[in-house]
1. Please indicate, with yes or no, whether at least one residue in segment 261-284 is assigned to a loop (DSSP other than H, G, I, E, B), aliphatic (A, V, I, L, M), surrounded by fewer than 22 Cβ atoms within 10 Å (Cβ to Cβ) and not assigned by TED's automatic domain parsing to the domain that holds E430.
2. Looking only at segment 94-130, how many residues end up being over 20 Å from V188 (Cα atoms) and surrounded by fewer than 22 Cβ atoms within 10 Å (Cβ to Cβ)?
3. Check E12, E83, E59 and return the single one that is in contact with a strand residue (DSSP E or B) (Cβ under 6 Å, 6 or more places away or on another chain), under 30 Å from P293 (Cα atoms) and in the same structural domain as A97 (by TED's automatic domain parsing).
4. Need the failing condition index for M247 against (1) within 13 Å of the ligand (Cβ to nearest atom); (2) over 30 Å from G122 (Cα atoms), just the number.
5. Step by step: first the residues of segment 218-244, then only those that are of a type in the set (G, A, S) and away from the ligand (no atom under 14 Å from the Cβ), then the one that is surrounded by the fewest Cβ atoms within 10 Å (Cβ to Cβ). Which residue is that?
6. How do the pairs read when you match residues in segment 394-411 that are acidic (D, E) with residues anywhere that are surrounded by fewer than 18 Cβ atoms within 10 Å (Cβ to Cβ) and in a loop (DSSP other than H, G, I, E, B), using Cβ under 9 Å and keeping only pairs 6 or more apart or on different chains?
7. Do you know which of the residues in segment 182-199 that are near the ligand (Cβ under 8 Å from one of its atoms) and in contact with an Asp or Glu (Cβ under 8 Å, 6 or more places away or on another chain) is nearest to V153 (Cα to Cα)?
Amino acid sequence: MIYRENPARTSEIVGHVIVTPPSTVDAVVRQAHTSYLRWSAVPLFERLLALSDGAASVEASIDDLAVLLARETGKPLADCRGEIGFAVRFLRWVVAAAPSAYADDATDDEAGRLVRVRKPYGVVAAITPWNAPIILAMLKIGPALAAGNAVVVKPSPLAPLTISRVAALIGGPLTVVHGGAETGAALVGHPLVRKVAFTGGAAGGRAVAALAGDRLTPSVLELGGNDPAVLLDDAPFDDAAMERLVMATFATSGQVCMAAKRLYVPSSRLDSFVEAYVSAASRVLITGDPLAPGVTMGPVISAGARASSDRLRAGDVRDLGRFEADPAAGYFVRPALVVSPSPDSALVTSEQFGPVVPVLGYSSEDAVLAAANNGDLGLGASVWSADEDRAFAFARRFEAGFAFVNTHNRTGMSLRAPFGGVKRSGWGREYGAEGLAEYAQTCVIHAPAAYRPGAPAPAGGATAYPAG
Ligand code: NAD
């Protein structure tokens, strides 16, 4: 059994789920395979109608689901509503985009008849983390089900409750198994799992990629990041921009893969930046109970996460925002900006995944670009400037899977924009046409014109190798 505590009130057990032991995973996957055979034979538009109904059911329950999500993750209620609403919007976007993404693509011309058929893989294993458990599962569930696959989701034991209810509301060939790494490994290594989609940290990603690789099972990996936010020398430090940057850093207590995790500012503007950032935080950053109105930052997810954030609060620490939490009740950390730590410190070189952020001064664009691109991870990045063309030119030089201009957050972005890292931040894509394409395999049927009944025999005969 997994009992999930409320990280904002650790004396409270929010709920429990039954662990699926590795020995039971085989039966679950076999059942999913049988469901896949039935589901993949259902016409695409009927599958999409069922997914539309699923989206409506989730939307109708959003109030209750958001409270449950806030209680199991410690995220502010408004953010939980936002995440579930976004997941519903994404599922509807999949329904709209699927007909062209998964339809046959046929040509018939002087070279012959060619049909590209998009076929499901079979059973998809979706292994997901706790920090955004609904949207990160939906990014896999939506396209996988639309394409005709069955899905077995293994959520994090730190956030197993809301996703179980969401999955039941979506219906279709969708199963949830619970447990930690052993259950996940039994799922990924199962011979009937034909595609793996993993989101999480490097250690889990490495283990999952190795297991999937051993079976030659294709996989999508979305891993961690250490995103730089670079403010160019003309970047306005106006209230709205600074408030956006503060929330891009501290939403979900800094536990977001693509949070702004390192801030870089021209050295000559460092003091005025610190002043503007601290002032913006005092307006928008309120740490407290996730269910209390107006709170924008809750606790971190666990005792271990709190200890790790506390260790990073060293040096020139500026406390941020209003702290209205009771640290004795839950895993609360006072959010902080650390001014000019050593570039070699852990706060700068690794993903902190908590509410402590460094700001560093820089002397030239080349120097800051080298610092921004330093390291193994290349998930996201952002550049801030009054001149959009200049920002785009700078952004091209980031070693990152995607870059934002004057923001560092998906809010307001098109669902058409694909997402995924480079370097060691993962492989594959989510969102966008690329994300849909991950869940269908292309099979080609080709009748060369030369061999159609009645066609004149080709020069060189039937076995001649094409010239050139
Ligand atoms: P995690 O890697 O500890 O766990 C993720 C999932 O993998 C969980 O369900 C876990 O039980 C499972 N798992 C772990 N080891 C496994 C193994 N050996 N075999 C099979 N399954 C295994 O990650 P986490 O702590 O839940 O999430 C935080 C990390 O996820 C951060 O690094 C963050 O940046 C990253 N993340 C990335 C994205 C993205 O889209 N790139 C999004 C959110 C979070």
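1. Scanning segment 261-284 turns up no residue that is assigned to a loop (DSSP other than H, G, I, E, B), aliphatic (A, V, I, L, M), surrounded by fewer than 22 Cβ atoms within 10 Å (Cβ to Cβ) and not assigned by TED's automatic domain parsing to the domain that holds E430.
2. Number satisfying all stated conditions: 23.
3. Just a single option satisfies the conditions, and that option is E12.
4. Result: M247 passes all but (1).
5. Per the criteria, the residue is A240.
6. E399/N373
7. F198
The values are calculated or read from the model by the stated rules, or taken from the named source; none is laboratory data. This is a predicted model, so every value here is computed, not measured. Every residue, glycine among them, receives a Cβ derived from its backbone with ideal geometry; neighbour counts consider all protein chains shown.
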